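Please read the structure below before turning to the comments.
Derivation of every value follows stated rules applied to the coordinates shown; laboratory data play no part. These figures come from a predicted structure and were not determined experimentally. Here the Cβ is made from the backbone with ideal geometry for all residues, glycine too, and neighbour counts use every protein chain on show.
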Amino acid sequence: MPADLLFTGGPVLTPRGRTATAVAVTGDRITAVGHDEVLGLAGPRTEVVDLAGRLLLPGFQDAHVHPVPAGLELTQCDLTGARTAEDTVARVRAYAAAHPEREWILGGGWSMEAFEGGTPAKELLDAVVPDRPVYLPNRDHHGAWVNSRALELAGVTRHTPDPADGRIDRNTAGEPSGTLQEGAMQLVGRLTPPATAADRLAALLHAQGHLHALGITAWQDALVGDFLGMEDASEAYLTAAREGSLTARVVGALWWDRERGTEQIPELMEKRAAADHGRFRATSVKLMLDGVAETGTAALLEPYLDPCGCATGNRGTNFIDPGQLPKYVTALDAAGFQCHFHALGDRAVRDALDAVEAARTANGPGDTRPHLAHLQVVHPDDVPRFARLGATANIQPLWAVHEPQMDELTIPFLGPERAAWQYPFGALLRSGATLAAGSDWPVSSPDPLQGIHVAVNRVAPGADAPVFLPAERIGLTEALRAYTAGSAHVNHLDDTGEVRVGALADLVVLDRDPFAGPPEAIGETSVAATYVGGVRVFAAAP
């Protein structure tokens, strides 16, 4: 039977390495992998793609991403890439001037490194938007910058107490300074006008097109469901799936309400049953255990240091009671849910692994495939536990570099010993752990090739900086596998993530073979074409 699609003339990355030069696709499946003998499957209607020496590999999968809010931010006040306070404020001024009809100025993506101490003042916003409220989450979305009008509308004053799960940053006079951390974000965020269902669907489709252009064929949305008053993205996915416009394969991670306990599991089961159509299913549960290191909210085993290098009384924040977490995870595992942990600090990582171990002990081995995302600080004693427990290490490689946010806002407050435990990709791999990879977009770029460059080099593409913890570098094959087979494992997409006969034809053609050049040039690679189920969903301009 002639193939519908035939790739030839270039290296093909198979589970055994670059061991093929031709691939045939019939329908939505790969039907042959080999060399010249595959060319005999060409028929009069076969589309033949000449790779011309370019690499063909499985489609990339992002194991931790937020496409709907990312798509919304792209249409709002987008501060991504602004490196100075002046540039950031100028972008806010320009956006506000261009949109006088907007009741609120919304968007985000600003860098903490652009402002002294990582906390911009409300007065900077007041100077350019004095009459309308402004609400702008930073690039990691664990803090928000607001102006005086927004604080006034929310009734936030010097007398407003910090919420249990957050912090109102204050100036020397005790007044709110203009940044809200973690749960305190909702003091203002709850007042912002919600996006409409049409807005969310448009944002999803815009984001999907962007992700396909980067070679991404599937992902795990790290937050769907009811989250601190935010709109549920799952309805946009279901609408797209019903209409046939969802071309990616998507797993949704339902939000675990950290104010409640196991009584919410029946509700999560109902949402799982309802959110299952076509290429979308919500079979994971997101448990956010802690915050981020830059603001001192990542949960650590030992206290943060102060600017003088002395121990403080702060060990970060636990958003979910560690004493109850094993019970919650055991119950979720028994109900067939995958647990998707946000765990940055070494205490959060240990708490998550302890909970997975409790579930394994109570329920026995299963196929729920828990995974821990971010893993900024991992105590060496916990590294081998990933493989032993069957917990996947879900890495975000772009963060493992020397940059001002790392060098000025993180390392000094961790100290040299803990700073050396950050993003231990190499140690995890050597211990036998399965690596999956993702971006956390819009926190950082969703481009897998940029992340792969950092995983291999531990230097940002084009940066003139020292290698960040060189022992934690991994090879190009291992990095590609994390973004393909590793993330496919997390997503239970067992017939994707590899180029082999019988697998779904989710494939990407690069513009070159990155194995043929030096590791320092990996970041120069781009995507030439992306296929999902044998259907081309992206093609680069000639």
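Dipole of the chain (Lys/Arg Cβ +1, Asp/Glu Cβ -1, origin at the Cα centre): which of Leu268, Trp399, Ala505 lies farthest to the positive side? Selected residue: Ala505. Taken about its Cα centre, the chain carries a charge dipole of roughly 860 debye when the Cβ of each Lys and Arg holds +1 and the Cβ of each Asp and Glu holds -1.
In this rough spin-label picture, where each label sits 7 Å from Cα along the Cβ direction, the Glu302-Arg430 distance is 2.1 nm.
Phi-derived couplings, Karplus 6.51 cos²θ - 1.76 cosθ + 1.60 at θ = phi - 60°, listed residue by residue for the range 40-45: x, 7, 6, x, x, 10 Hz, with x used for Gly and Pro. For the range 213-296, trypsin sites (Lys or Arg not before Pro) are listed when DSSP marks them as loop and at most 12 other Cβ atoms sit within 10 Å of their Cβ; the list is Arg260.
Defining a contact as two alpha carbons under 8 Å apart and six or more residues distant in sequence, what relative contact order in percent does the range 197-490 show?
Contact order relative to length: 13 percent.
Report summary: the helix-based calculation at 222 nm, which adds -39500 (n - 2.57) for every DSSP H run with n ≥ 4 and divides by the residues of the chain, gives -7500 deg cm²/dmol. Mean separation of Cα pairs under 8 Å and 6 or more residues apart, divided by the residue count, gives the range 199-358 a relative contact order of 20 percent. Measuring between their Cα centroids, the range 310-338 and the range 507-542 lie 40 Å from each other.
Return the percentage of antiparallel bridges among DSSP beta bridges fully within the range 68-189, rounded to the nearest 5 %. Once the DSSP bridges in the range 68-189 are tallied, antiparallel ones form about 65 percent. Thr312 to Glu267: FRET efficiency via 1/(1 + (r/R0)^6), r the Cβ-Cβ distance, R0 25 Å, to the nearest 0.05? Calculated transfer efficiency: 0.05. Dividing the radius of gyration of the alpha carbons in the range 298-352 by their Kirkwood radius gives 1.12 for Rg/Rh. Of all beta bridges that DSSP places with both ends in the range 197-490, some 15 percent have antiparallel geometry.
Restricting attention to the chain, close to 50% of DSSP beta bridges with both partner residues there are antiparallel.
Over all directions, the projected convex hull of the C-alpha atoms in the chain averages 25.1 nm² in area. Taking the centroid of alpha carbons for each part, the range 116-147 and the range 411-488 are 30 Å apart.
Using the Cβ-Cβ distance between Thr172 and Ala85 with R0 set to 25 Å, the FRET efficiency works out to roughly 0.85.
Counting only lysines at least 8 places from Lys286 when in the same chain, those with an alpha carbon closer than 23 Å to its own are Lys271, Lys327.
A cut-off of 5 Å between modelled amide H atoms, ignoring neighbours fewer than 5 places along the same chain, links Gly291 with Ala298, Ala299, Thr317. In a reduced charge model with +1 at each Lys and Arg Cβ and -1 at each Asp and Glu Cβ, the range 197-490 shows a dipole moment near 900 debye about its Cα centre.
Length, then width, then depth: along the principal axes, the Cα atoms of the range 68-189 run 36, 28, 27 Å. Each label was represented as a point 7 Å from its Cα along the Cα-to-Cβ direction; for Glu37 and Lys327 these points are 6.0 nm apart. Dipole size of the range 494-542 about its Cα centre, with +1 on Lys/Arg Cβ and -1 on Asp/Glu Cβ: approximately 200 debye, rounded to the nearest 20. Applying both filters, DSSP loop and at most 16 other Cβ atoms within 10 Å, to the GluC sites (Glu not before Pro) of the range 239-294 gives Glu259. Backbone phi angles across the range 237-249, fed through the Karplus curve with coefficients 6.51, -1.76 and 1.60 (θ = phi - 60°), yield HN-Hα couplings of 4, 5, 4, 5, 5, 5, 7, x, 8, 7, 8, 7, 9 Hz in residue order; Gly and Pro are listed as x.
Distance from the Cα centroid of the range 201-251 to that of the range 253-280 is 17 Å (rounded to whole angstrom). Rg/Rh for the range 264-413 to two decimals, with Rh computed the Kirkwood way over all alpha-carbon pairs. When Rh is taken as the Kirkwood radius, the ratio is 1.02.
Any idea which of Leu214, Leu55, Ser526 is furthest toward the positive side of the dipole for the chain, if Lys and Arg beta-carbons carry +1 and Asp and Glu beta-carbons -1? It is Leu55, whose Cα lies furthest towards the positive end. The relative contact order of the chain, computed from alpha carbon pairs under 8 Å that lie at least 6 residues apart in sequence, is 17 percent. For the range 197-490, the alpha carbon convex hull comes to 131 Å³ per residue, rounded to a whole number. Among the trypsin sites (Lys or Arg not before Pro) within the range 4-61, those in coil by DSSP and having at most 11 neighbouring Cβ atoms inside 10 Å are Arg16, Arg45. Residues whose amide H comes within less than 5 Å of that of Ala433, counting only those at least five positions distant or on another chain, are Ala387 (H built at 1.01 Å from N in the peptide plane).
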